[in-house]
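Each remark here refers to the structure printed beneath this line.
The values are calculated or read from the model by the stated rules, or taken from the named source; none is laboratory data. Values in this document were obtained by computation on a predicted structure and should not be read as measured data. Cβ placement follows ideal geometry from the backbone for every residue including glycine, while neighbour counts extend to all protein chains displayed. Side chains included, ligands, DNA and RNA excluded: accessible areas come from the protein's heavy atoms. Shrake-Rupley method; radii C 1.70, N 1.55, O 1.52, S 1.80 Å.
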Amino acid sequence: MKIITVLGARPQFIKAATVSRALKKQTINEIIIHTGQHFDANMSQVFFDEMEIPQPNYNLEISGLNHGAMTGRMLEKIEDVLVKEKPDYVLVYGDTNSTLAGALAAAKLHIPVAHVEAGLRSFEMKMPEEINRILTDRISSILFCPTETAIKNLEAEGFRNFNCQIEQPGDVMYDAVLHYKEKIETKATVIKSQALRNGSFVLATFHRAENTNDEKRLREICRAINEINSHIKVILPLHPRTKAFIESLQIKLEVTVIPPVGYFDMLALLENCKLVLTDSGGLQKEAYFFSKFCVTLRDQTEWIELVETGTNQLVGANFSKILNAFKVASSAVFATQPFLYGNGTASELIAKSLVKL
Ligand code: UDP
């Protein structure tokens, strides 16, 4: 069996590396297309080597364009590769423009699409990710849902009436954390270089357009993390986009700003922090995997089950709400939680399902 995987952003590579190992075990021949969507200093050759990510077979080098131009160019180039390679399946992850372009190119050529992280919804149609995930789900033949909520979302949209297969293998990100966690000790350097003690700092990240492109929200978040920093050290690996906006508005940050970190360092920060403050989708779950409370700087989340367990507080970008949530999370004890994201075998289950097709 021959599969083409289309990737474009760092989290997709982390997940795909985990699934790739499982595909190999099933002797599935995987060909990787890297669209080039996200350029990231932490995505150098070292990133690929350290994370044991298979080298992409095709590098499309499409980046830095508006949504339409980017998706359009990807569609055209991915189509060329698909026509040449004639895969049995196209495998896509998540909700980026690369995800949509890969799925659309395949569906138009009648090549079945497998979507990992299917069924997630924020119900905010202004988010480009929401548009990408809804459209990708609709044209996929097999939908691998990470959670029970994702299954319910698809059912509510009538997907049981469509000609597609819906499965719930769990979340491949949990598999990834279990795999890479073993190597934190040897690979991570940030705890030592920043002289951090376990439980002595808050880990903060924010990069979502809804926060960075909105001056009021950005100012509120910065004011809140500055205030939190007067109680406990805040470590902020700062995304270049966020950095540019903060600088252009001359906002003063009093927290410890560090450049974006590699995945092993991120896992080390998660393992050692007191709690997490973020607008990232991935980090909300990673906080949970490391038994840390999360304060989410968004108005909606695709990971609603975390809010339901009380381990994640959804506070938007409001100064008082962020501060209150921080206080609640600081004094709470993280109780043992149910397995919301499978049992660490999502990748294996996905590979086994694909090989049966
Ligand atoms: N991440 C990382 N270094 C960073 C920021 C994020 O390794 O400086 C990892 C993070 O642990 C998670 C993934 O990248 O696994 C999520 O990335 P991001 O927050 O950019 O995207 P989202 O999950 O919101 O799509």
> So in the chain, what percent of DSSP beta bridges are antiparallel if you round to the nearest 5?
Replying inline: 0
> All other residues with a Cβ under 15 Å from the Cβ of Arg223 taken together, and with Lys, Arg as +1 and Asp, Glu as -1, what is their net charge?
Replying inline: 0
>> I'd like to compare 73-79, 296-302: which one has the highest average count of other Cβ atoms within 10 Å, and what's the full order after that?
In response: 296-302, 73-79
>> Using 21 Å as the Cα-Cα cut-off, could you pick out the over-long pairs in Lys252/Lys274; Lys2/Lys356; Lys181/Lys352?
In response: Lys252/Lys274; Lys181/Lys352
> Given the pairs Lys187/Lys292; Lys187/Lys233; Lys15/Lys108; Lys126/Lys233; Lys152/Lys233; Lys86/Lys183, which are separated by over 31 angstrom at their Cα positions?
Replying inline: Lys126/Lys233; Lys152/Lys233; Lys86/Lys183
> Under a GNM of the chain (C-alpha, springs under 10 Å), which listed residue has the highest mean-square fluctuation: Ser140, Ser291, Ser330?
Replying inline: Ser330
>> Between helix 172-181 and the chain, what is the angle of the helix's C-alpha long axis to the longest principal axis, kept within 0 to 90° and rounded to the nearest 10?
In response: 60
> Taking only Cα atoms, what is the 0 to 90° angle, nearest 10, from helix 263-272's long axis to the longest principal axis of the chain?
Replying inline: 40
>> How many angstrom lie between the Cα centre of region 177-213 and the Cα centre of region 58-91?
In response: 32
> What residue among Leu283, Thr186, Gln37 has its Cα farthest toward the positive end of the dipole of the chain, where the charges are +1 on Lys, Arg and -1 on Asp, Glu, each on the Cβ?
Replying inline: Thr186
>> Ignoring ligands, DNA and RNA, please state the percent of accessible area on the chain from carbon and sulfur, probe 1.4 Å.
In response: 52
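Between Phe319 and Lys108, what is 0.36 nm times their sequence separation minus the Cα-Cα distance? Round to one decimal in nm.
Net length gain for the segment: 71.3 nm.
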> Where Rh denotes the Kirkwood radius from the mean inverse Cα pair distance, what is Rg over Rh for region 228-357?
Replying inline: 1.02
> Thr27 versus Thr189, label points 7 Å from Cα toward the beta carbon: distance in nm?
Replying inline: 4.2
> In nm, to one decimal, how far is the Glu308 label point from the His67 one, both placed 7 Å along Cα→Cβ?
Replying inline: 2.9
>> Using the crude model of +1 on Lys and Arg Cβ and -1 on Asp and Glu Cβ, and no other charge, please compute the dipole size for region 215-317 relative to its Cα centre, in debye to 20.
In response: 320
>> I'd like the orientation of helix 97-108 relative to the chain: the angle between its Cα long axis and the longest Cα principal axis, in ° from 0 to 90, rounded to 10.
In response: 20
>> What's the magnitude of the charge dipole for the chain around its Cα centre, counting Lys and Arg as +1 and Asp and Glu as -1 at the beta-carbon? Answer in Debye, nearest 20.
In response: 400
> Helix-derived [θ] at 222 nm for the chain: sum -39500 (n - 2.57) over DSSP H runs of at least 4, divide by residue count, nearest 500?
Replying inline: -13500 deg cm²/dmol
> Which of these, Leu253, Leu238, Leu269, has the largest mean-square fluctuation under a Gaussian network model of the chain (Cα springs below 10 Å)?
Replying inline: Leu253
>> I want to verify a result. In a Gaussian network model of the chain, Cα cutoff 10 Å, which of these has the top mean-square fluctuation: Val234, Val83, Val276?
In response: Val83
> What number comes out for the charge environment of Thr96, summing +1 per Lys or Arg and -1 per Asp or Glu over other residues with Cβ under 11 Å away?
Replying inline: -1
> What does the accessible area per residue of the chain come to in Å², with a 1.4 Å probe and no ligands, DNA or RNA counted?
Replying inline: 43
> With the dipole of region 114-162 worked out from charges on the C-beta (+1 for Lys and Arg, -1 for Asp and Glu) around the Cα centre, which of Met127, Pro146, Phe159 lies farthest toward the positive end?
Replying inline: Phe159
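Estimate the FRET efficiency between Ala332 and Asp214 by the formula 1/(1 + (r/R0)^6), using the beta-carbon distance for r and 45 Å for R0, to the nearest 0.05. Present the calculation step by step, with values, prior to reporting the outcome.
Values: r = 29 Å, r/R0 = 0.65.
The computed FRET efficiency comes out at 0.95.
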